[in-house]
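Trainee: Handing you this structure, nothing more for now.
None of the figures in this text is laboratory data; all of them are computed from the coordinates on show. Model, not experiment: these values are computed from the prediction. Cβ placement follows ideal geometry from the backbone for every residue including glycine, while neighbour counts extend to all protein chains displayed.
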Amino acid sequence: MFKIAKERLNELYAKINGQMGLFIPVKKAGEVNYEVWREGKEVSLETLKTVKSPKNMFFPQTENMMKFKTEGKNLEIIDVRGEKRPFVLFGVKACDYKAIEVLDKVFLADPVDTYYQSRRNATTIVTLACSKPEESCFCSVFGIDATAPQGDVTTWLDGENLYWQANTEKGETLTALVKDLFAEGGEAEVEAQQTATKTIIDSLPFANLDLSKFKPENLNELFNAAEWQEMSEACLGCGTCTFVCPTCQCFDIRDFKTNEGVIRYRCWDSCMYSDFTLMAHGNSRTTQMQRFRQRFMHKLVYYPSQNDGLYSCVGCGRCVNKCPQRLNIVKVIKTLGGKDND
């Protein structure tokens, strides 16, 4: 394990950025999101959760897929994909790293999404352990250890130092590029932080949520539960929960005509919208209750039943913080999960 003093972190960022791109949590207009690092930007590693998750690095909110040019009856298809420059994604929390695993199972399964794949292959992920989890956090419910996140490199931050541990070949390669900035040591400090953080996690309000009811064998019972109607009545269908969620992967594909031809692009979509998957004949889910139910059944039942029990929720708590009607996944788990969630 290695360590570097906090006051030297800009040297670390500059050295990484000199070798490859660096995306890091940056504070701008009062909000923290991942941006390209530049000297002078206000880096905020202490912020527990960025507003938007780092999935935007692999699955952008909007993305050009191809271009078309027509001349008479001739059609030219232009591939807009290019080679991705290697970059480092720095400061990813354990919940968001687990979310990338969820996305990988969607976009890297056959047929592979090459747009997503090219960005994933180009990325070295440096995770950052949590030391001050919030009341809205419940990642431990899904078996995630916020004190020891996975990744190519795992880091820990305290009042004096950043501690660094390489885990993969990519991580070792990055470590070799910056090793001259580090000193050895930090194991005792990291262990002490982990112990203190786990004590906080165990005392959080949602730490004991019971997921045992959300099994494939209970699909029909959960699907037909009368509680969906009451829970969904206040839903605005705003889609906020889906846009801040690190695992949501729904998108739409559209064509846009320009003076130079047609651009085909994809953009994030939301299963909470009334026009989601709208076709000529209409929409298969015609009420907000049906759309509300679809979102949470997918997170808690459909996805895990098809992915060896891996839930499509990582307990980051963004929806808990952002839903204007407090209709988040915690409420669903408590309402449908049985007496143990009371």
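Trainee: Exposure proxy check: ARG85, ARG38, ARG291 ranked by fewest other beta carbons within 10 Å? Each step should come with its number before you reach the end.
Mentor: Details: ARG85 8, ARG38 11, ARG291 21.
Sorted ascending by nearby Cβ count, the order is ARG85, ARG38, ARG291.
Trainee: Next up: Take the residue pairs LYS27/LYS55; LYS55/LYS198; LYS198/LYS331 and return only those whose Cα atoms are more than 20 Å apart. Provide the component values of the computation, followed by the final result.
Mentor: On the way: LYS27/LYS55 18 Å; LYS55/LYS198 26 Å; LYS198/LYS331 24 Å.
Flagged as over cut-off: LYS55/LYS198; LYS198/LYS331.
Trainee: Please report the net charge: other residues with Cβ closer than 14 Å to the Cβ of THR47, K and R +1, D and E -1. Walk me through the intermediate numbers first.
Mentor: Values: positive: LYS27, LYS28, LYS41, LYS49, LYS52, LYS93, LYS132, ARG318; negative: GLU31, GLU35, GLU42, GLU46, ASP96, GLU134.
Neighbourhood net charge equals +2.
Trainee: Right, another one. Which order results if CYS250, CYS245, CYS313, CYS271 are arranged by neighbouring Cβ count within 10 Å, fewest first? Could the numbers behind the result be given before it?
Mentor: Values: CYS250 16, CYS245 25, CYS313 29, CYS271 20.
The most exposed by this proxy come first: CYS250, CYS271, CYS245, CYS313.
Trainee: Still on this structure, I have one more. When each pair of different Cα atoms in region 163-219 is counted once in the 1/r mean, what is the Kirkwood radius in angstroms, to one decimal? Kindly include the intermediate steps, with their values, before the conclusion.
Mentor: Values: mean 1/r = 0.0653 Å⁻¹.
About 15.3 Å for region 163-219.
Trainee: So what is the calculated 222 nm ellipticity per residue for the chain, using -39500 (n - 2.57) for each DSSP H run with n of 4 or more, over all residues, to the nearest 500 deg cm²/dmol?
Mentor: Numbers: 12 runs with 103 residues, N = 342.
Value at 222 nm, helices only, nearest 500: -8500 deg cm²/dmol.
Trainee: If you bin every alpha carbon distance in region 41-127 into 10 Å steps from zero, what whole percent lands in each bin?
Mentor: Histogramming region 41-127 at 10 Å steps yields 14, 40, 27, 13, 5, 1 percent.
Trainee: Restricting to Cα atoms and excluding each atom paired with itself, what does the Kirkwood estimate give for region 70-168 in Å? Display every interim value, and only then the final one.
Mentor: Working: mean 1/r = 0.0626 Å⁻¹.
Evaluated over region 70-168, this radius sits at 16.0 Å.
Trainee: Then there is this: Using the Cα gyration tensor of region 158-298, with a ≥ b ≥ c the square roots of its eigenvalues, what is the shape: rounded (a/c below 1.5), prolate (a/b larger than b/c) or oblate (neither)? Show your work: numbers first, answer last.
Mentor: On the way: a/c = 3.24, a/b = 1.46, b/c = 2.22.
Here region 158-298 falls in the oblate category.
Trainee: Output wanted: per-residue J couplings in Hz (rounded whole) for region 135-140, from phi through Karplus 6.51 cos²θ - 1.76 cosθ + 1.60, θ = phi - 60°, x for Gly and Pro.
Mentor: 5, 7, 7, 8, 5, 4
Trainee: Dividing the Cα convex hull volume of region 216-341 by residue count, how many Å³ per residue is that? Numbers along the way, then the final one.
Mentor: Numbers: hull volume 18.1 nm³, N = 126.
Measuring per residue, one finds 144 Å³ for the Cα hull of region 216-341.
Trainee: Rounded if a/c is under 1.5, else prolate if a/b is larger than b/c, else oblate: which is region 97-244, with a ≥ b ≥ c the root eigenvalues of its Cα gyration tensor? Mind showing how you got there, number by number?
Mentor: Values: a/c = 2.62, a/b = 1.50, b/c = 1.75.
The shape class here is oblate.
Trainee: List MET297, MET20, MET272 from most exposed to least, where exposure is judged by having the fewest other Cβ atoms within 10 Å. Write out the running numbers ahead of the final one.
Mentor: Working: MET297 18, MET20 15, MET272 23.
Sorted ascending by nearby Cβ count, the order is MET20, MET297, MET272.
Trainee: Now for a separate question. Give, as a single signed number, the net charge of other residues whose beta carbon lies under 10 Å from the beta carbon of CYS313, with Lys and Arg counted +1 and Asp and Glu -1.
Mentor: Values: positive: LYS98, LYS299; negative: none.
For residues surrounding CYS313, the net value is +2.
Trainee: Sticking with this one: To one decimal place, what Kirkwood hydrodynamic radius in Å is obtained for region 1-148 from all pairs of distinct Cα atoms?
Mentor: Numbers: mean 1/r = 0.0572 Å⁻¹.
Hydrodynamic radius (Kirkwood, Cα pairs) of region 1-148 is 17.5 Å.
Trainee: So what J values fall out for region 41-49 if you push phi through Karplus, 6.51 cos²θ - 1.76 cosθ + 1.60 with θ = phi - 60°, rounded to Hz, Gly and Pro as x?
Mentor: 6, 8, 6, 10, 5, 6, 5, 5, 10
Trainee: What is the local net charge at GLU260, summed over the other residues whose Cβ is closer than 10 Å to its Cβ (Lys, Arg +1; Asp, Glu -1)? Numbers along the way, then the final one.
Mentor: Values: positive: LYS67, LYS69, LYS257; negative: none.
Here the count lands on +3.
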